[in-house]
Amino acid sequence: MSDPMYVLAPEYRRLRIGDAWRDAAGGATFAVEDPATGKTIAEVADADVVDGLAALDAASTAMAEWAATPPRKRSELLTATYRALTERSEEVARLITLEMGKTLAEARGEVAYGAEFFRWFAEEAVRVEGRYNTAPAGGYRILTVPKPVGPCVFVTPWNFPLAMGARKIAPALAAGCTTITKPAAQTPLTMLFLARIMEEVGVPPGVVNVVTTKRAGEVVSALLADRRTRKLSFTGSTEVGRVLLRQAADNVLRTSMELGGNAALIVCADADLDVAVDGAMVAKMRNLGESCIAANRIYVEEPVHEEFTARFAERMGALSVGHGLDDGVDVGALIDEASVTKIDELVADAVDRGARVLVGGERPHGPGHFYPPTVLVDVPEDARMLEAEIFGPVAPIMSFTSDDEVMAKANDTEYGLVGYVFTRDLQRALRFTEGLQTGMLGINRGLISDPSAPFGGVKQSGIGKEGSHEGILEYLDVTYAAIDLP
Ligand code: NAP
């Protein structure tokens, strides 16, 4: 059951560089584990700097021809990728569950979401436009010509092994850029599978390169220092994002940075509580809480605090935990032991400072990296979990009495990715929309991710947008020509 072999044959557990699937130059490999059992499920090539630069050679060589490929042709290849991913959804979902730990239902959702970026950007590829207009003072014309930025380097996290790469590769290819993706070392298999699918549908060699490595620092910094690289898109922690921004500065690279979050979810007394509880469950528990847009802090207005908390805690307590491939499991395994330990420490810290555990709160014994759905109340403001990204199935609930008070608390963080507000009062919703310092907002909804909407944060949650029309602009430069015409 836990053998991914039939999904991704050994010859594709290697580096995808140009037209080849090949071993790392030094012959090294590293192990990929199933987080639910701790067992090795595959060995993949462990690239070093030489391999990284070989991928950049391939991406640079392919660049001119890919940029000159008719947009309709590029669009058709993206559509073919969308179709292949959709047809092979079960295989991809299985691979995601095996290497990342989420349930099969969650993994199927990720495949649908990830595939949709290819469909969306297939449609965008043929709508890249410049403009032509008369200069306001007359005498000449202004022509703008969009052009692909050039070879792109992508660094992606483990929490959505397909979707975080898909939302970079799809717009880049639509714009005419070539790519090198370095997936997270814990979840490289899904990205290799995507590269295999893209090879099968006919994406030309060198356009999609994938370099798996345990030496992210060395390999990525060599790529960012090379003048042929023209763009970095990174999804991951703010901490690593800062390091990569510094490196990108030396080469003055275009950057898109999708970083960490600390979302506040606000339930007003006038909210429809059925909607609020459903929304909070999605915002907290999608991807078992291992999501940058997970609700990290739940604030409930005093008059409904007790009722909301009781209903939410009941729902959290009813979830079953287990191997993501097993039937009837709601919550799979966390990515690794360090993650379980971090979450356990955050809960212990909150309890030491006076928080009460309503549900969960104790890590189970036995193999695999599990933590139960947990609800805490009376969480004091100095608890570390209100500042840190919990990145797991733990929900601290606090009460509030005024909108100004909760807005100030929600904004009191270096992050600014997303917020959630539940209210039936339109003016209140609009005041939160204007006042919350976030790039995104869910209003009476816990699910906001959509390939046709601009995803991205403000403050230290990042720079730039993924998805939507804005998503393709991240991969286009604009040349302006002044044309004399008296
Ligand atoms: P991470 O530790 O920052 O790692 C992300 C990627 O960066 C991995 O591929 C990692 O490689 C690589 N990396 C680590 N150190 C590096 C270095 N010095 N130079 C170059 N690359 C380096 O983040 P994570 O733990 O995988 O993912 C969780 C984080 O991602 C959370 O903070 C979450 O909020 C954020 N996230 C943000 C979004 C968004 O859209 N805003 C979406 C999803 C996740 P290795 O795997 O080899 O370490």
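Exactly one residue among Lys147, Lys168 is farther than 25 Å from Asp450 by Cα and either of a type outside the set (S, T, N, Q) or surrounded by 17 or more Cβ atoms within 10 Å (Cβ to Cβ) (or both), and that residue is Lys147.
Checking the condition touching a helix residue (DSSP H, G or I) at 6+ places or on another chain (Cβ under 6 Å) and within 16 Å of the ligand (Cβ to nearest atom), which residue from Glu474, Glu466 passes? Checking each option against the conditions leaves just Glu466. Evaluation of Val252 against the conditions (1) more than 14 Å from the ligand (Cβ to nearest atom); (2) surrounded by fewer than 24 Cβ atoms within 10 Å (Cβ to Cβ); (3) in contact (Cβ under 8 Å) with a residue 60 or more places away in the chain; (4) of a type in the set (A, V, I, L, M) shows that the sole unmet condition is (3). Filtered by the rule that a residue be under 27 Å from Asp382 (Cβ atoms) and small (Gly, Ala, Ser), region 330-352 gives Ala338, Ser339, Ala348, Ala350. Which of the residues spanning region 435-452 are surrounded by 16 or more Cβ atoms within 10 Å (Cβ to Cβ) and either in a loop (DSSP other than H, G, I, E, B) or within 12 Å of the ligand (Cβ to nearest atom) (or both)? Scanning region 435-452 gives Leu436, Gln437, Thr438, Gly439, Met440, Asn444, Gly446, Ile448, Ser449, Pro451. Of the residues making up region 405-458, just one is in contact with a Ser or Thr (Cβ under 8 Å, 6 or more places away or on another chain) and charged (D, E, K, R), namely Glu414.
In summary, Ile343 fulfils each of the numbered conditions (1) within 30 Å of Met100 (Cβ to Cβ); (2) in a loop (DSSP other than H, G, I, E, B); (3) not acidic (Asp, Glu) with the single exception of condition (2). Among the conditions (1) surrounded by fewer than 24 Cβ atoms within 10 Å (Cβ to Cβ); (2) closer than 22 Å to Pro396 by Cβ; (3) more than 10 Å from the ligand (Cβ to nearest atom), Ile266 misses just one, which is (1).
Taking the criterion of being in contact (Cβ under 8 Å) with a residue 40 or more places away in the chain, part of a helix (DSSP H, G or I) and polar (S, T, N, Q), the only residue of region 211-243 that qualifies is Thr238. In region 375-409, which residues are outside any loop (DSSP other than H, G, I, E, B), of a type outside the set (D, E, K, R) and over 20 Å from Val347 (Cα atoms)? Correct list: Phe400, Val406, Met407, Ala408.
Among the candidates Val377, Val394, the residue that is at pLDDT 95 or above and more than 30 Å from Ile463 (Cα to Cα) is uniquely Val377. So for region 200-210 (the condition being away from the ligand (no atom under 14 Å from the Cβ), out of contact with any Pro (no Cβ under 6 Å at 6 or more places or on another chain), assigned to a helix (DSSP H, G or I) and not aromatic (Phe, Trp, Tyr)), does at least one residue qualify? So far as region 200-210 goes, yes, one or more of its residues are away from the ligand (no atom under 14 Å from the Cβ), out of contact with any Pro (no Cβ under 6 Å at 6 or more places or on another chain), assigned to a helix (DSSP H, G or I) and not aromatic (Phe, Trp, Tyr).
Among the residues of region 129-143, those identified as under 30 Å from Arg72 (Cβ atoms) and of a type in the set (A, V, I, L, M) are Ile142, Leu143. Entry remark, region 19-58: residues being closer than 17 Å to Pro188 by Cα, out of contact with any strand residue (DSSP E or B) (no Cβ under 9 Å at 6 or more places or on another chain) and among the hydroxyl-bearing types (Ser, Thr, Tyr) number 0 in total.
The values are calculated or read from the model by the stated rules, or taken from the named source; none is laboratory data. These figures come from a predicted structure and were not determined experimentally. Note that each Cβ is placed from the backbone with ideal geometry, even for glycine, and that neighbours are counted across all protein chains shown.
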